[in-house]
1. Can we say A:Arg158 is modelled with pLDDT under 95 and not polar (S, T, N, Q)?
2. Please enumerate the residues belonging to region A:443-494 that are polar (S, T, N, Q) and within 26 Å of A:Lys322 (Cα to Cα).
3. Answer with yes or no whether A:Tyr143 is farther than 28 Å from A:Tyr68 by Cβ, at pLDDT 95 or above and in contact with a helix residue (DSSP H, G or I) (Cβ under 8 Å, 6 or more places away or on another chain).
4. Across region A:448-494, what is the number of residues that are hydrophobic (A, V, I, L, M, F, W, C), open to solvent by 70 Å² or more (accessible area, probe 1.4 Å) and more than 26 Å from A:Ile387 (Cα to Cα)?
5. Taking A:Thr6 as the residue in question, decide whether it is under 23 Å from A:Ala232 (Cβ atoms) and polar (S, T, N, Q).
6. Which of (1) open to solvent by 10 Å² or more (accessible area, probe 1.4 Å); (2) of a type in the set (D, E, K, R); (3) at pLDDT 95 or above does A:Arg12 not meet, given it meets every other one?
7. In region A:111-120, how many residues are assigned to a helix (DSSP H, G or I) and crowded, with 20+ Cβ neighbours inside 10 Å?
Amino acid sequence: MTLRLTNTLSRRIEPFEPLVPGQVSIYCCGVTVYDLCHLGHARSYIAWDVLRRYLLWSGYAVTFVQNYTDIDDKILNRAAEEGSSMQIVSERNIEAFVADMARLNILPPDRMPRATQSLDAIRALITELEAKGAAYSADGDVYFAVMKHAGYGKLSGRDLAEQQDNAAGRVATAEEARKQHPFDFALWKGTKAGEPSWESPWGPGRPGWHIECSAMVREELGDTIDIHLGGADLIFPHHENEIAQSEAATGHELARYWLHNGMVNVGGQKMSKSLGNFTTIRALLDSGISPMNLRLFTLQAHYRKPLDFSAPALEAAATGWKGLNAALGLAASAEAAPASDAADLPSDLAEARQRFAAAMDDDLNTSAALAVLFELAKPLRALANRIERGDGAAAAAATSPGLAAQGQLLLELAGVLGLQHERAAEGPAAGPGSGSGSGSASPSDAEIDAQITARQAAKAARNFTEADRIRDGLKTQGIELIDRPGGVTEWIRS
RNA sequence: GGCGGCAUGGCCAAGUGGUAAGGCAGAGGAUUGCAAAUCCUUUACCCCCAGUUCGAAUCUGGGUGCCGCCUCCA
């Protein structure tokens with residue numbers, strides 16, 4: 001069984017074979033750092049993180065490069081709005097990006113080049129394109145001539161001859177007038193007053209958007225890479241232009257496999273800044289949604305399909321994660337057994353492992369892979385919950401070799417999806433700040449214990465009205481009571 | 001208008017020729033003073049029409065609906 005991936009280039013699922021056996025080079029289009037990242041970015045980078053983890057798990061050596069676009073109109077606009085500079089805005093958002101990705105348990109890329117640090121490579125590439133007649137300069141700008149490049153449109157399925165007619169009715173801006181073809185795009189933009197600029201053979205200015213990726217790919221990974229990643233909204237024009245630039249310059253295929261993730265939708269519409277229907281990653285995580293909850297949510301759908309975001313859908317994933325997390329917790333607490341060798345596993349576990357791999361091999365079918373995790377987790381979760389209730393027999397059962405092996409396999413496979421056990425944010429009598437303020441909405445541990453004692457007395461007297469009144473009262477203060485067998489009452493802050 | 005994608009139970013979502021994974025919600029049972037939590041059990045013939053086939057959710061043709069890209073965007 002080998003990994004098969006949907007290649008946007010061919011529009012079909014293809015067996016994955018890296019250029020160099022055992023090694024995979026990946027370039028992933030990163031973010032333009034003008035603002036915080038939202039759920040759409042989370043979905044995308046989680047999907048690619050899973051691809052990377054799966055390749056590593058499968059034994060490949062992976063080199064993963066992801067860029068930061070830190071030269072862009074939107075960054076400049078933001079800087080102008082707040083009276084700072086492009087660099088300040090970029091630095092701040094790069095920092096936020098790194099923090100957000102880390103919270104989501106996304107492995108950091110091996111290298112993260114920035115446009116501002118790639119000017120030499122960018123200028124060299126443009127010079128080469130110009131020398132080869134693929135680019136032309138006009139009034140300080142340099143454009144890529146799409147008509148000169150056979151094969152333009154091969155990724156997005158566009159036909160230049162037809163597209164020209166469609167574009168004919170467009171508003172003719174000054175820039176449009178400088179272009180030889182409406183699809184020609186800027187490699188270099190002549191400087192404008194008040195904007196950062198860099199020296200170049202074409203005068204001061206800054207690079208266009210697409211060229212930075214071509215330059216970085218070549219500089220970091222070479223002329224031809226194995227996999228190029230990005231959101232489906234980048235297929236055209238960004239990736240199409242990237243291909244044109246790179247292939248016109250090098251004469252070699254830029255990337256052998258192009259993978260694109262589907263958009264995150266809200267109410268059936270794409271989440272985007274312009275529509276104002278976005279939720280930032282940190283706003284969501286800070287609101288109490290756990291990173292793993294979000295991860296599970298996004299992995300329940302196939303990466304190429306649109307994913308509809310809604311609070312109820314996220315809650316459903318949260319409940320699912322709760323069970324999975326309980327199983328992972330039990331497994332993690334068990335004696336750390338050596339990593340399961342597939343050959344040593346009991347047949348049913350080996351079969352589960354095989355089904356997981358088969359699902360992932362099938363174009364990263366995380367939805368089916370998760371089904372395997374849930375099945376593995378089910379008995380472990382039940383045991384974990386029984387143990388939590390003080391069931392001694394369950395505790396004994398948990399130490400059986402079979403279940404330990406199952407737990408280890410669950411941990412291993414969950415890890416491939418980047419899912420890891422999360423400790424409950426707050427548990428029984430675990431709140432260090434429980435005595436924080438006498439007048440605060442949250443009562444102290446001692447106060448809660450006193451209430452519980454009072455309730456137990458009421459129950460003993462069969463005064464259930466009073467007992468329920470106490471329980472409801474605590475609930476309004478965010479304290480939930482859990483009656484255990486044997487008359488023991490525990491509580492959690494909810 | 002061009003290119004691409006999607007349509008499976010109340011919701012989310014796998015499944016690409018042999019009688020429908022998984023999650024959530026719901027229902028029944030256990031437990032409980034009653035709840036909550038927990039445990040056990042349980043719920044579909046796959047948008048419509050026509051066709052291919054012994055047999056189709058799964059292939060072909062047509063229809064309907066929805067979405068993305070064609071301007072910056074993960």
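The values are calculated or read from the model by the stated rules, or taken from the named source; none is laboratory data. These numbers come from a predicted model, not from an experiment. Counting neighbours? That spans all protein chains shown, and the Cβs are built from the backbone with ideal geometry, glycine included. Heads up: the accessible areas ignore ligands, DNA and RNA and are worked out on the full protein's heavy atoms, side chains in. Shrake-Rupley method; radii C 1.70, N 1.55, O 1.52, S 1.80 Å.
1. yes
2. A:Thr476, A:Gln477, A:Thr489, A:Ser494, listed by residue number.
3. no
4. Summing the residues that are hydrophobic (A, V, I, L, M, F, W, C), open to solvent by 70 Å² or more (accessible area, probe 1.4 Å) and more than 26 Å from A:Ile387 (Cα to Cα) in region A:448-494 gives 3.
5. yes
6. With (1) open to solvent by 10 Å² or more (accessible area, probe 1.4 Å); (2) of a type in the set (D, E, K, R); (3) at pLDDT 95 or above applied to A:Arg12, the lone miss is (3).
7. Of region A:111-120, the ones assigned to a helix (DSSP H, G or I) are A:115-117, A:119-120.
From what is left, the residues that are crowded, with 20+ Cβ neighbours inside 10 Å are A:115.
Residues flagged as assigned to a helix (DSSP H, G or I) and crowded, with 20+ Cβ neighbours inside 10 Å within region A:111-120 amount to 1.
Residue-wise test of (1) modelled with pLDDT of 90 or more; (2) outside any strand (DSSP E or B); (3) among the β-branched types (Val, Ile, Thr); (4) farther than 29 Å from A:Arg423 by Cα.
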site	(1), (2), (3), (4)
A:Glu447	no, yes, no, no
A:Ile452	yes, yes, yes, no
A:Lys459	yes, yes, no, yes
A:Asp468	yes, yes, no, yes
A:Asp472	no, yes, no, no
A:Leu481	no, no, no, no
A:Ile492	no, no, yes, no
